[in-house]
Amino acid sequence: MIELVNLKRITALHAESIRQALTDVADSGWFLKGNATKRFEQEYADYTGTRHCVACGNGLDALTLIMRAYIEMGRLKEGDEVIVPANTYIASIIAVSRCRLKPVLVEPRRETLQIDDSLIEDAITKHTRAVMIVHMYGRCAFTDRIGDICRRHNLLLIEDNAQAHGCRFGDKKTGALGDAAGHSFYPTKNLGALGDGGAVTTDDTELADMVRALGNYGSERKYVFSHKGVNSRMDELQAAVLLAKLPFLDEENERRCSNARFYIDNIKNRLVSLPTDDFWQNSVFHIFPLMCKQRDKLQEYLKANGVQTDVHYPIPPHHQRAYEELRSLHLPITEAIHLEELSIPVSQVVTEEERECVAKLINDFRI
Ligand SMILES: Cc1ncc(COP(=O)(O)O)c(C=O)c1O
């Protein structure tokens with residue numbers, strides 16, 4: 001079986017350093033809020049190019065803490081509207097509603113699968129206070145136009161960088177393009193932990209301090225509570241694992257890009273649409289999404305031939321029961337993406353033989 005993301009192989013790439021890191025933490029007798037977390041925060045901030053990084057429990061918490069912090073700081077208030085891409089993973093939207101803010105869904109562009117920057121201004125009302133861009137599939141969603149709209153309308157720009165660690169836009173990285181960014185280190189992400197993990201990056205010292213306090217029960221000093229916070233910590237074991245893997249992130253992203261390039265050059269089947277060259281500028285290929293009108297048949301066929309795939313995602317957020325209030329929205333591009341998208345193996349451990357096999361199978365696919 002060619003796995004979509006073979007986590008055993010990915011972990012084996014770093015087996016020695018991970019074992020050492022885990023042993024060091026176990027031997028240290030210090031498991032939360034220790035040196036490994038502090039070092040990871042410093043190194044990840046340096047890597048991303050921001051002044052601050054605050055580690056937390058997971059990516060959903062990272063996004064939630066950003067908006068909770070802005071509420072505490074008086075920059076957002078209950079009922080304010082936050083623009084989000086309609087085709088995002090549900091976590092981006094849950095983070096907004098968890099803070100009692102209102103998600104306003106905007107369609108993506110068909111060619112880039114990222115929020116359509118030409119539709120954002122039409123979605124702005126007198127209640128809009130923020131735009132959350134989501135670097136879907138590992139492709140940068142930021143555009144100069146989005147930066148300009150946020151400046152002109154005085155909107156906060158929040159990045160959901162769960163899927164695009166290390167992705168570049170000019171001389172900056174995703175996670176350093178807006179006012180604040182939430183990152184997830186879920187195991188299958190480009191930089192993945194051996195469990196849950198997340199982080200907030202920002203240049204804003206006040207925001208970083210507030211996020212840190214809110215993730216620690218609302219406490220800035222031991223046993224003194226200024227806010228009704230939550231418990232969202234990265235544990236030392238995960239921080240140590242991430243520290244061991246971070247130096248190899250760029251190299252591993254390049255391997256993903258090389259696999260993607262191979263597919264773009266070698267998959268030729270009129271039933272399948274591949275990302276265009278333009279699409280893949282500024283991407284770290286967290287996912288390789290191809291589009292196929294006979295998606296379910298293609299997925300079955302690949303499975304029968306030993307290739308594991310996935311759909312990101314089968315049901316769009318506005319059709320989920322959890323978001324009944326959004327059901328009446330008509331979002332044809334988002335709906336088409338959810339019907340046609342198929343993710344094929346592209347990770348850093350996909351071998352040349354495996355990618356050749358995947359491409360050949362897709363080329364031979366007929367209905
Ligand atoms: C786009 C996006 N946002 C947020 C999240 C939430 O991250 P986590 O699973 O670490 O809570 C994920 C990943 O699961 C994601 O893909």
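The values are calculated or read from the model by the stated rules, or taken from the named source; none is laboratory data. Because the structure is a prediction, the values reported are computed rather than measured. Here the Cβ is made from the backbone with ideal geometry for all residues, glycine too, and neighbour counts use every protein chain on show. Calculation scope for accessible area: heavy atoms of the full protein, side chains included, ligands and nucleic acids excluded. Shrake-Rupley method; radii C 1.70, N 1.55, O 1.52, S 1.80 Å.
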**Complete:** Subset of the range 231-276, residues closer than 28 Å to Lys360 by Cα, among the polar types (S, T, N, Q) and assigned to a helix (DSSP H, G or I), comes to Asn253, Ser258, Asn259, Asn266
**Fill in**
Counting only residues that are more than 16 Å from Val358 (Cα to Cα), hydroxyl-bearing (Ser, Thr, Tyr) and at pLDDT 95 or above, the range 251-282 contains a total of 0
**Request:** Mind counting the residues in the range 288-299 that are open to solvent by 10 Å² or more (accessible area, probe 1.4 Å) and either in contact (Cβ under 8 Å) with a residue 40 or more places away in the chain or assigned by TED's automatic domain parsing to the domain that holds Leu191 (or both)?
**Result:** 6
**Message:** Just to be sure I understand, how many residues within the range 200-230 are open to solvent by less than 80 Å² (accessible area, probe 1.4 Å) and assigned to a strand (DSSP E or B)?
**Reply:** 6
**Among (1) away from the ligand (no atom under 15 Å from the Cβ); (2) open to solvent by 10 Å² or more (accessible area, probe 1.4 Å) - the single one Thr64 does not satisfy** = (1)
**Request:** Tell me which of these Ser97 doesn't satisfy, since it passes every other one: (1) open to solvent by 20 Å² or more (accessible area, probe 1.4 Å); (2) more than 9 Å from the ligand (Cβ to nearest atom); (3) out of contact with any strand residue (DSSP E or B) (no Cβ under 7 Å at 6 or more places or on another chain); (4) of a type outside the set (A, V, I, L, M, F, W, C).
**Result:** (3)
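Condition check ((1) over 21 Å from the mean Cα position of the chain (by Cα); (2) open to solvent by 20 Å² or more (accessible area, probe 1.4 Å); (3) free of Cβ contacts under 8 Å to residues at least 12 places away in the same chain) across all residues:
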{"residue": "Pro314", "(1), (2), (3)": "no, yes, no"}
{"residue": "His318", "(1), (2), (3)": "no, no, no"}
{"residue": "Glu325", "(1), (2), (3)": "yes, yes, yes"}
{"residue": "Glu335", "(1), (2), (3)": "no, yes, no"}
{"residue": "Pro345", "(1), (2), (3)": "no, no, no"}
{"residue": "Arg355", "(1), (2), (3)": "yes, yes, no"}
{"residue": "Ile367", "(1), (2), (3)": "yes, yes, no"}
**Asked** Which condition number in (1) within 16 Å of Tyr263 (Cβ to Cβ); (2) of a type in the set (Asp, Glu); (3) open to solvent by 10 Å² or more (accessible area, probe 1.4 Å) is the one that Glu341 fails?
**Response** (3)
**Asked** Out of (1) open to solvent by less than 10 Å² (accessible area, probe 1.4 Å); (2) more than 16 Å from the ligand (Cβ to nearest atom), the odd one out for Asp116 is which?
**Response** (1)
**Fill in**
Listed by first then second residue, the pairs whose first member lies in the range 181-197 and is hydroxyl-bearing (Ser, Thr, Tyr), whose partner is more than 10 Å from the ligand (Cβ to nearest atom), with beta carbons under 6 Å and at least 6 positions apart or on separate chains, are Thr188/Val5
**Complete:** Here the residues within the range 44-61 that are on the phi < 0 side of the Ramachandran plot, open to solvent by 20 Å² or more (accessible area, probe 1.4 Å) and more than 14 Å from the chain's Cα centre (by Cα) are Asp46, Tyr47, Arg51, His52
**Residue count, the range 157-198 (criterion: part of a strand (DSSP E or B), within 13 Å of the ligand (Cβ to nearest atom) and hydrophobic (A, V, I, L, M, F, W, C))** = 2
**Message:** Just the residues that are open to solvent by 20 Å² or more (accessible area, probe 1.4 Å), within 12 Å of the ligand (Cβ to nearest atom) and outside any loop (DSSP other than H, G, I, E, B), please, taken from the range 67-90.
**Reply:** Ile90
**Message:** Can you pull out every residue in the range 4-19 that is more than 16 Å from the ligand (Cβ to nearest atom), open to solvent by 30 Å² or more (accessible area, probe 1.4 Å) and touching a residue at least 40 places away in the same chain (Cβ under 8 Å)?
**Reply:** Arg9, Thr11, Leu13, Ser17
**Residue among Gly182, Gly170, Gly197, Gly175 that is small (Gly, Ala, Ser) and open to solvent by 10 Å² or more (accessible area, probe 1.4 Å)** = Gly170
**Asked** Counting only residues that are among the β-branched types (Val, Ile, Thr) and either open to solvent by less than 20 Å² (accessible area, probe 1.4 Å) or modelled with pLDDT under 95 (or both), how many does the range 100-110 have?
**Response** 1
**Request:** Go through the range 122-143 residue by residue and tally those that are touching a strand residue (DSSP E or B) at 6+ places or on another chain (Cβ under 8 Å), part of a helix (DSSP H, G or I) and farther than 23 Å from Ile287 by Cα.
**Result:** 1
**Request:** Filter the range 135-153 for residues that are among the β-branched types (Val, Ile, Thr) and under 11 Å from the mean Cα position of the chain (by Cα) and give the result.
**Result:** none
